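What follows draws every value from the coordinates through simple rules; no lab data is involved. No experiment lies behind these values; they were computed from the predicted model shown. Virtual Cβ from ideal backbone geometry, glycine too; neighbours counted across all protein chains shown.
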Amino acid sequence: MSQSSARPAELHRYRRELQRVEEHVADAEHAARRSSQAFADACPDGGAVHPPFHAVGAACAALHGLAQRVGQVGDAFLAADQGSSAVAETSDAQLAHVVLQHFPRLAVPGILAPLLPRLATDVAADLRTAAETGRHDLTDLRAGVPATLTADPAFCRAVLAATGTAHLAALVDVVARGQLPGVASTDLVWLADLFARGAGRADGRGPTTVTTDLLADAGGRTAVRTLRAEVDRPLDHATLEAVARATAIEASSWTDGGHPRLAGTDGVDRGDDAILVEAASVPGLALRLLAGTPDGAAGDPRTPDPGTAARITRIVERNGTTSQVGLAALLHAALDDPAARDPSGARTRTGLAVVTGVVTGIARIPHDDGAPAGVRPDLAGLAARVVAGDHRTLVHRTTRGRLATRSERLEELRSVVHHVAGWRPPFDALAAELVVARRTAATEHVAGDPLALALAGRLHGVLAEGAARADVPQRPYDPVLRVAAFGASRAAGARFGRAGGAVAGRGIDVVHRRVSDALAHDPGDAAARLARATASDRDLALAVVDRPPAGATIVWAGSGVADRASLAALGTGRLDHAALDQWLAAQEPPVRAAVAELAAAYRAARAPSP
Amino acid sequence: MPTLPPAVDGATAVRFDPATAAALATSLDALAWRLETAARVEDAAFGRAIADWAGPTRRWAEERRLAVREETVRAAGRCRDAAEEARRSVLAAAIVQHGHNADEHARRRRNAALLELAEVRVP
């Protein structure tokens, strides 16, 4: 251990002498300021003179600060040294301890840098004690550590290393449990800042050993999630990738047991949200986390990478009980990643894997009434985006392969739409996308490509079936009522015998149904909204107007519709329908037949079967 | 120090007081001298303070004082420059006064010429 020494009296004398000359400088500066003002008043035609008062003030402040700090060093030596000699001699660590305790302004890197390891050990010892004694108030401990030190990543790394993973995880748990839910905690923020600065290695190439050890078990991962949820200070990308992979990709907050601090006011787990949202903000990271391996060059480029799809399915399925905010952000980022599409705009194998993995994963989240699992708004929005944006791929998959495969894919799509239809904005957006898809498909059909219209019709059918499923009123109390009715029937049988019990049982059934109906939620109206959005054949007619059958002409005069723009402006109301019918009636037979053929082709595809 | 030419009759007099300018230059010189003295005193005081001073605090103080000393000396130099500016300001005022005087002389010559022209035309 190295020693520090000084003559405190000389250091104090240095302070006094500098204070004296600093006063003289201040007096001279005042006099110069007065002269400068007099010159400005009396000599406006003398040109400008620029006295450097700002520089003089800065020099005075620097002299003052130096004098004060050197004097404080003298104080620190006196406080740290137990001897009575004119020369104070003490260990560097003890001197630093006194500096931290009494002269926090002296805690500048120049003084403290050589002592960081020892100081970090002291702070870590206090943290370990707090963890062992279950102390959740770190106010005193925080006050003893200057911000200069906690802003230094080297110090933070040293503290975390000296504290150890077990104590760190326990301390975070203790502090987090000692805070009110939903209320910001200064202690947790302090610990989270310490972690944010010290989680990564100095060379930026990934997490430190302590962070890696923390991520190796459920308790440590929960501590990391708790800390990351408290502050926005970003991790370096390599560390963030390791943290996200361990906490939210390979495991999840829910499967690791969760934590009261990580649950929202609705009780839903939000533990992975902060980490996943941060990961989503780093270009390329989302796809790298989800894909796990680089996009394989081998394999049919038109088929999704099966390993990636299965991995994404597992991740999505596992998040059925969480808030899904972070997951949705990560999946949006993966879909937006340029690597998810090839130069022509088509999905790459990895991109296809994201799409199909999301669909399969969401489809597997249960629809049970009252179950804790379910698709929440953010994931529903993502599902709507996937179905709308990649509907041709997804619907086409329901028509390819073996019967069992086709059935499975069709059911997946229905299940996803069922989830989406439970939330109004995403489902309405999906219905609007269907209208656009139908318009495009009709144009392609008239141009000689019938596949797109068949796919759009099939999508319409899937949407209608999913919406109908979602509209069935939920009956969350039915399981309880069933048990109650069963118990009452058995009691009646025991009391009145078989015949009497049968009569009583019928009455109990009636009461059961009525109570179930009374407690059932209101049915949804997703199917009705979809029907309204897609009621008009206007888009089919427009496709024929833009490319009429050979030899036929479009009749406007007397048709009730002035021109193409008026036709395109027709809505889905009753009068609009009447106007469209009138326009159709005025057309030549080939035009009417073309519109009818389009409508028939579309409607034929609307009853999807495997 | 240069002097200010007097304003001729009828010319605008510049607004400039040489004594005030000289006072400013003197006070800026004094300020510079005080700063230079502070640097010298600090130098001597630090030489005494480092007796038996060892450890990271001394290394920090040695680095810090060099920066502070440089800042102080630089401020003193800028004060000297400003004092020189104040002394030269009388030159600027003198140039302005010469301009005003020249304008007045020109105005007088123009009036005399007009008067002469009028006398020629009137028999």
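Building the convex hull from the alpha-carbon atoms of region A:211-297 and averaging its projection over directions returns 6.0 nm². The calculated pair-distance distribution of region A:31-181 uses every alpha carbon pair, bins of 10 angstrom beginning at 0, and gives 10, 27, 23, 15, 12, 8, 5, 1 percent. Based on the reciprocal of the average 1/r between different C-alpha atoms, the Kirkwood radius for region A:310-380 equals 12.6 Å. Sorted fewest first by neighbouring Cβ atoms within 10 angstrom, B:Trp33, A:Trp190 come out as B:Trp33, A:Trp190. Put the Cα centre of region A:9-56 next to the Cα centre of region A:514-562 and the gap is 84 Å. Ranking B:Thr37, B:Leu115, B:Thr20 by how far each Cα lies toward the positive end of the dipole of chain B (charges on Cβ) leaves B:Thr37 at the top.
Between the Cα long axis of helix A:424-446 and the first principal axis of chain A there is an angle of about 50°, rounded to the nearest 10. Axis angle, to the nearest 10 degrees, between helix A:403-421 and the longest C-alpha principal axis of chain A: 60 degrees.
Viscosity 0.890 mPa s, temperature 25 °C: what is the translational diffusion coefficient of region A:347-463 from Stokes-Einstein with a Kirkwood Rh over Cα pairs, rounded to a whole number of µm²/s?
Values: Rh = 14.6 Å.
D, rounded to a whole number, is 168 µm²/s.
Relative to the first principal axis of the alpha-carbon coordinates of chain A, what is the inclination of helix A:306-318, with its axis defined by its Cα atoms, in degrees from 0 to 90 and to the nearest 10? Tilt relative to chain A: about 80 degrees.
How long are the semi-axes of the equivalent ellipsoid of region A:34-92, defined as square roots of 5 times the Cα gyration tensor eigenvalues? Whole Å, largest first.
Details: eigenvalues 477, 17, 7 Å².
Equivalent-ellipsoid dimensions as semi-axes: 49, 9, 6 Å.
The charge dipole of the protein assembly as shown, taken about the Cα centre with unit charges on the Cβ atoms of Lys, Arg (+1) and Asp, Glu (-1), comes to about 1920 debye, rounded to the nearest 20.
Springs between Cα atoms under 10 Å define the GNM used for chain B, and in it the highest mean-square fluctuation of B:Ala61, B:Ala11, B:Ala38 occurs at B:Ala61. For region A:173-247, the extents of the C-alpha atoms along the principal axes are 36, 23, 16 Å, listed from largest to smallest. For region B:18-121, the Kirkwood estimate of hydrodynamic radius, built from reciprocal distances between every pair of different alpha carbons, is 18.5 Å.
Just rank A:Phe39, A:Phe486, A:Phe53, fewest to most, by other beta-carbon atoms within 10 angstrom.
Working: A:Phe39 25, A:Phe486 13, A:Phe53 17.
Fewest-to-most ranking of A:Phe39, A:Phe486, A:Phe53: A:Phe486, A:Phe53, A:Phe39.
By the count of other C-beta atoms within 10 Å, a proxy for reagent exposure, A:Thr212, A:Thr239 are ordered fewest to most as A:Thr212, A:Thr239. About the centre of its Cα atoms, chain B shows a dipole size close to 140 debye [charges on the beta carbon of Lys, Arg (+1) and Asp, Glu (-1) only; nearest 20 debye]. Sorted from greatest to least, the principal axis extents spanned by the alpha carbons of chain A come out as 113, 95, 54 Å.
Give me the tail of P(r) for region A:502-610 as a percent: Cα-Cα pairs with distance above 25 Å. Walk me through the numbers before you get to the answer.
On the way: 2594 of 5886 pairs.
Above the 25 Å cut-off, region A:502-610 has 44 percent of its Cα pairs.
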